[in-house]
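Bear in mind these aren't lab numbers, they're just calculated from the coordinates by the rules spelled out. Keep in mind the model is a prediction, meaning the values are calculated, not measured. Cβ atoms come from the backbone with ideal geometry, glycine included; neighbour counts cover every protein chain shown.
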2 protein chains.
Amino acid sequence: MAGQTIGRIAAAADCKVQTVRYYESIGLLPEPVRSPGNQRLYGAATVERLRFIRHARALAFPIDAIRDLLSLADRPDQPCDAVDSIARTQLLEVEQRIDRLTALKTELERMIAQCSGGHIANCRVIESLGDHDLCVTDHGEEGGLGPPQR
Amino acid sequence: MAGQTIGRIAAAADCKVQTVRYYESIGLLPEPVRSPGNQRLYGAATVERLRFIRHARALAFPIDAIRDLLSLADRPDQPCDAVDSIARTQLLEVEQRIDRLTALKTELERMIAQCSGGHIANCRVIESLGDHDLCVTDHGEEGGLGPPQR
DNA sequence: CTTGCACCTGCAGTCGCTGAAGGTTCTAGC
DNA sequence: GCTAGAACCTTCAGCGACTGCAGGTGCAAG
């Protein structure tokens with residue numbers, strides 16, 4: 001088993017080749033062995049690791065949380081409280097983002113509903129954007145204010 | 001009316017001083033007049049403009065959409081269809097983000113619920129992260145895969 | 001007149017990639 | 001064996017929307 005090339009494992013994990021190299025550069029993936037011509041060659045374990053990372057990213061876990069999850073996954077005899085806690089934290093984050101976006105949705109719907117289709121001088125959308133006090137919800141910050149938590 | 005300093009208008013719009021300078025640098029705010037000592041001085045119109053921008057950002061409009069909205073707001077005699085359309089697009093984006101996050105939430109809840117509190121070797125959370133096929137929803141991409149649309 | 005805060009410019013860093021430039025290696029077909 | 005072209009290599013810059021810092025200047029109060 002000679003190992004897979006970077007292109008193959010990127011395809012297997014549905015990501016770009018550069019992304020694999022990026023993960024290696026930040027220490028999420030180990031440095032692989034190289035072919036005589038200096039090309040990276042990966043074993044099955046690294047492919048699995050990459051798929052794990054990609055799935056966690058698709059679930060919006062931040063890289064640092066994934067780093068923690070990976071080091072936990074490497075100690076199968078440990079209790080899984082820590083894993084649970086990371087996942088619960090992530091669930092909370094996602095729920096908070098949904099809540100904030102739902103407030104935005106409400107506000108946008110209200111603004112749009114008030115528009116009677118006239119001219120910009122009387123446009124409720126423009127007016128609402130100019131005056132936060134017209135808002136009914138407390139859509140605090142989502143949309144870039146503060147760290148994005150992607 | 002001598003004009004407000006940058007610190008005052010930043011406070012009035014609930015943002016950082018640097019952010020105001022940033023908006024100027026990307027052309028969202030006009031270059032203000034300067035005091036004899038080279039400090040920016042703003043009139044009431046710019047303060048309003050800044051508040052408009054901040055509110056639109058709080059509603060997650062991208063900067064480019066805000067640029068369009070501002071130039072529309074400057075032509076009060078135009079029909080407001082274009083404004084409406086930008087707002088509807090934004091509403092759609094927000095709804096799509098909510099949908100994607102809801103799928104993530106479902107998946108996270110499922111993973112967490114399956115965890116029986118044992119050891120990592122049997123941890124369902126770890127296992128689920130390693131195998132995308134265990135997912136019940138099609139949580140495509142939200143969490144950094146693709147442009148963030150903040 | 002001094003203290004200390006607010007302001008100035010310019011640049012680096014954030015997060016998680018993505019793209020491009022410019023070069024090397026591998027593989028398939030002839 | 002040879003050649004074309006795909007896939008690989010390294011390095012660096014850029015995205016969005018800010019934020020922070022360093023090193024310097026202006027200004028207002030006591």
Review point. So which aspartates and glutamates pass the test for B:LYS16, namely a Cα distance under 14 Å, with those fewer than 8 places away in the same chain ruled out?
Key: B:GLU24
Practice item. Give the distance, in whole Å, between the Cα centre of the stretch B:67-127 and the Cα centre of the stretch A:31-107. Key: 20
Practice item. Take peptide B:111-117, look around each residue's Cβ out to 10 angstrom, count Cβ atoms belonging to other protein chains, and average those counts. Key: 3
Revision key, fill the gap. Contact order relative to length for the stretch B:6-63, counting C-alpha pairs under 8 Å separated by 6 or more residues, stands in percent at 33
Review point. Among A:GLN96, A:GLY118, A:LEU108, whose Cα sits farthest toward the positive end of the charge dipole of the stretch A:81-134 (+1 at Cβ of Lys/Arg, -1 at Cβ of Asp/Glu, about the Cα centre)?
Key: A:GLY118
Review point. What net charge is computed for the residues neighbouring A:GLU31, neighbours being all others with C-beta under 10 Å from the C-beta of A:GLU31, Lys and Arg scored +1, Asp and Glu -1?
Key: +1
Study note, to complete from the structure: For chain B, longest principal axis from Cα atoms; helix B:63-73 axis from its Cα atoms; angle between them, nearest 10 degrees, is 40
Point to revise | At 7 Å out from Cα toward Cβ: A:PRO79 inter-copy label distances (nm, ascending) | key: 6.7
Check your understanding: In percent, what relative contact order does the stretch B:37-150 have, based on Cα pairs under 8 Å that are 6 or more apart in sequence?
Key -> 23
Practice item. Pull up the DSSP beta bridges for the protein assembly as shown and report the antiparallel fraction as a percent, rounded to 5. Key: 100
Review point. B:TYR22 label points, 7 Å along Cα→Cβ, one per copy: pairwise distances from this copy to the rest in nm, shortest first?
Key: 2.0
**Study point:** Linear extension gain, B:THR137 paired with B:ARG34, 0.36 nm per residue minus alpha-carbon span
**Key:** 31.5 nm
Review point. R0 = 45 Å: FRET efficiency of A:SER116 with A:ALA12, Cβ-based, nearest 0.05?
Key: 0.25
Check your understanding: Roughly what angle does helix B:81-114 make with the longest principal axis of chain B, taking Cα atoms, 0 to 90 degrees, to the nearest 10?
Key -> 30
